[in-house]
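K.L.:
Take a look at this one; I'll ask things after.
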Amino acid sequence: DGVWKAGDGALLNQQVWHRGTEYTARKAPHRAMFIVSFIGRPRFGTDPRQLSKGTYFHIRWNMWGHTLRDMVDAGHRMTQPFSALRSFGLWKSPKASWGYDLVTSGFLRMANEQQGMHWSDLPVQIEDSGLNRILPEWLLGPVLENKDAHTIFLVKTLEKLSFFLLRWNIVLAALYLLAMLINLLYTRTWRRSVTIASLTFLIVYGIPLLVTTMQLNKIQNSEWGSNIRANRTLMAPFSAELARLETLPTPISDGPTTMPEREDVLWATRFDSSFLGAYEHWIDYHPGNTKYLDVVQSIGLLQKNYSGLPKAFRNSLVGAIVDDIHPGRFLEQDWRNGDWRTTTEHEHRTRILQDLAKARKPQLAMLDRVLSRTLARFRFEASFRETALALKAQSYASHLKDELFKTEESCGALEDVLSTLTSKQPTLLIKSSLPKPVGTNSNGLDGRRKGSSLPPKGEILQVGDSVMSYYEDEGEWFRASITDSNDAGVELSYDEGTVEVLESLHGLRHIVPLEEGARVKGNYNREGTFFPGIATRVRPDGFIDIRYEDGDFEKNVKPKYYKRLDY
């Protein structure tokens with residue numbers, strides 16, 4: 001009947017959760033909501049690849065630190081004062097496990113600048129918490145406008161508050177001693193005055209100091225405190241030492257580094273772990289991977305044994321998959337530093353044959369998953385990584401993966417198949433949905449564009465494609481998407497928010513993903529002048545290293561500080 005009654009429940013996902021308005025009826029009865037957020041428990045000190053909590057969680061302050069098992073004994077574990085102690089990571093039942101406590105989660109949100117915890121939200125947080133009404137302004141730390149705003153504010157506020165309390169403690173203690181001295185001189189009761197003074201100091205300072213010391217010791221020796229002191233809490237998931245490894249226990253692609261695009265197929269190396277749960281398959285939902293896996297799954301089940309098929313047919317089968325993915329590329333993640341590298345034809349065709357075999361035999365896919373997890377364990381887990389044992393174990397696990405597919409008949413004779421492949425790129429045959437070019441471009445973007453004499457490259461373009469549009473007057477390329485095609489021409493929607501209609505395809509190119517070796521212009525030291533150079537490394541976040549033509553070198557250049565020179 002559309003009415004919510006006591007005991008009714010609903011399973012909501014993140015999109016539904018934020019629908020509707022706030023419940024503000026003052027005289028109406030309260031609505032009780034039982035919210036459970038599912039996320040794996042932290043394994044500080046074991047596997048540093050902790051799960052991302054996504055957005056902020058709507059959990060009461062005293063419900064943090066709990067796990068699903070606590071609801072078995074909720075009447076004891078989730079009631080006050082135990083729930084508050086659990087929330088701050090101070091105490092738990094000996095039979096329970098730690099979840100994410102309130103303090104750790106709060107600092108995680110600050111570090112990741114999540115919604116509500118961005119550095120720009122600090123003034124609002126101070127006002128909403130009432131901190132500016134509890135403490136005078138001169139006791140509060142400075143509110144800066146940069147990413148370190150939270151850290152500086154908290155540290156400076158604690159420093160000021162500590163100094164203030166210490167100073168007043170000294171003043172009060174001095175006044176008390178002065179009063180006792182005056183009383184002693186007046187009454188001349190030496191023994192009685194000394195006894196009273198000693199007892200007073202013991203009660204006022206001794207007992208609180210003893211209790212505080214005991215609590216601090218308890219906090220330091222708790223699992224929460226021990227992990228922080230041992231640098232196990234929120235330790236870097238991927239050690240910087242891995243990136244400096246020169247002797248590799250397992251082979252990696254030596255293709256150029258690049259930044260992934262939507263159409264690319266990504267073979268990741270950092271998500272293999274049963275601990276990560278569904279996140280282990282997170283990369284499968286990348287648009288290029290989704291398309292690729294659908295194709296492999298549909299083709300993989302067609303034949304019981306691919307080794308019995310003619311070589312030419314198997315070659316055509318792999319070529320068809322490559323054609324279907326075009327213009328996407330096949331990228332492999334460098335497990336040492338997370339960079340994505342373009343694979344060679346031999347490498348990606350080998351992987352395609354292996355994925356076809358796994359699609360046909362689930363048992364083979366499971367064995368490959370177990371070996372991948374074993375590799376990741378020796379690469380990343382805190383107790384193994386960077387040890388001689390880990391490097392040796394990786395070599396054995398990698399060898400087992402190779403043998404797994406060499407002996408699997410459904411994969412075919414890999415070496416035999418690959419030896420017949422040519423380096424010729426597959427031909428793309430896609431029907432264009434765009435009108436034929438009818439003239440020069442018009443309707444300039446914000447009055448900047450007067451037309452481009454750059455002829456079409458002969459590429460097939462369709463509605464939905466991401467393209468680069470060339471502005472001849474500025475000598476620069478701008479990124480856009482083809483959003484419509486009609487009698488008026490081709491409609492482009494630029495990433496910067498403007499829209500333009502072109503009468504022809506002059507000056508349009510498919511996006512050529514940025515790769516190591518590309519020609520760029522960099523704003524050296526952000527001084528405002530762009531100099532030509534070569535991208536010597538392309539990171540997943542778009543930051544690049546540039547070797548300038550005059551010999552200078554610059555690392556980690558942000559995307560807004562460099563421009564592409566060729567497409």
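The values are calculated or read from the model by the stated rules, or taken from the named source; none is laboratory data. This one's a predicted model, so the numbers in the text were calculated from it and none came from an experiment. Here the Cβ is made from the backbone with ideal geometry for all residues, glycine too, and neighbour counts use every protein chain on show. Calculation scope for accessible area: heavy atoms of the full protein, side chains included, ligands and nucleic acids excluded. Shrake-Rupley method; radii C 1.70, N 1.55, O 1.52, S 1.80 Å.
K.L.:
Using beta carbons and a limit of 6 Å, which pairs, at least six apart or on different chains, have the first residue in the stretch 551-567 and more than 15 Å from VAL538 (Cβ to Cβ) and the second one assigned to a strand (DSSP E or B) and open to solvent by less than 60 Å² (accessible area, probe 1.4 Å)?
P.N.:
Hits for this filter: TYR567/MET468; TYR567/TRP477; TYR567/ARG509.
K.L.:
Quick one: count up the residues across the stretch 339-348 that are open to solvent by less than 20 Å² (accessible area, probe 1.4 Å) and either part of a helix (DSSP H, G or I) or within 17 Å of VAL296 (Cβ to Cβ) (or both).
P.N.:
Total satisfying the criteria: 1.
K.L.:
How many of the residues making up the stretch 339-383 are of a type in the set (A, V, I, L, M), farther than 18 Å from ASP324 by Cα and touching a residue at least 12 places away in the same chain (Cβ under 8 Å)?
P.N.:
7
K.L.:
Return only the number of the condition from (1) farther than 30 Å from ARG49 by Cα; (2) out of contact with any helix residue (DSSP H, G or I) (no Cβ under 9 Å at 6 or more places or on another chain); (3) open to solvent by 60 Å² or more (accessible area, probe 1.4 Å) that ALA179 does not satisfy.
P.N.:
All conditions are met except number (3).
K.L.:
In the stretch 220-233, what count of residues is obtained for those that are open to solvent by less than 50 Å² (accessible area, probe 1.4 Å) and part of a helix (DSSP H, G or I)?
P.N.:
Total meeting the criteria: 3.
K.L.:
Working carefully through the options ARG547, ARG519, find the one that is in contact with a Phe, Trp or Tyr (Cβ under 6 Å, 6 or more places away or on another chain), among the charged types (D, E, K, R), open to solvent by 30 Å² or more (accessible area, probe 1.4 Å) and under 21 Å from TRP340 (Cβ atoms).
P.N.:
ARG547
K.L.:
I'd like the full set of residues that are open to solvent by 30 Å² or more (accessible area, probe 1.4 Å), modelled with pLDDT under 80 and over 23 Å from LEU565 (Cβ atoms), limited to the stretch 465-496.
P.N.:
Passing the criteria: ASN486, ASP487, ALA488.
K.L.:
Please find, within the stretch 260-292, the residue that is farthest from HIS348 (Cα to Cα) out of those that are open to solvent by 30 Å² or more (accessible area, probe 1.4 Å), without any contact (Cβ under 8 Å) to a residue 12 or more places away in the chain and not β-branched (Val, Ile, Thr).
P.N.:
Step by step, filter the stretch 260-292, then rank; the result is ALA278.
K.L.:
Quick check on LYS160: is it of a type outside the set (A, V, I, L, M, F, W, C), open to solvent by 70 Å² or more (accessible area, probe 1.4 Å) and at pLDDT 90 or above?
P.N.:
yes
K.L.:
With respect to THR290, determine if the residue is within 22 Å of PRO260 (Cα to Cα), assigned to a helix (DSSP H, G or I) and at pLDDT 90 or above.
P.N.:
Considered against the rule, which asks whether it is within 22 Å of PRO260 (Cα to Cα), assigned to a helix (DSSP H, G or I) and at pLDDT 90 or above, THR290 comes out as yes.
K.L.:
Turning to a different aspect of this structure: Could you list, in sequence order, all residues of the stretch 104-123 that are open to solvent by less than 60 Å² (accessible area, probe 1.4 Å) and in a helix (DSSP H, G or I)?
P.N.:
Across the stretch 104-123, the qualifying residues are THR104, SER105, GLY106, LEU108, ARG109, MET110, ASP121, LEU122.
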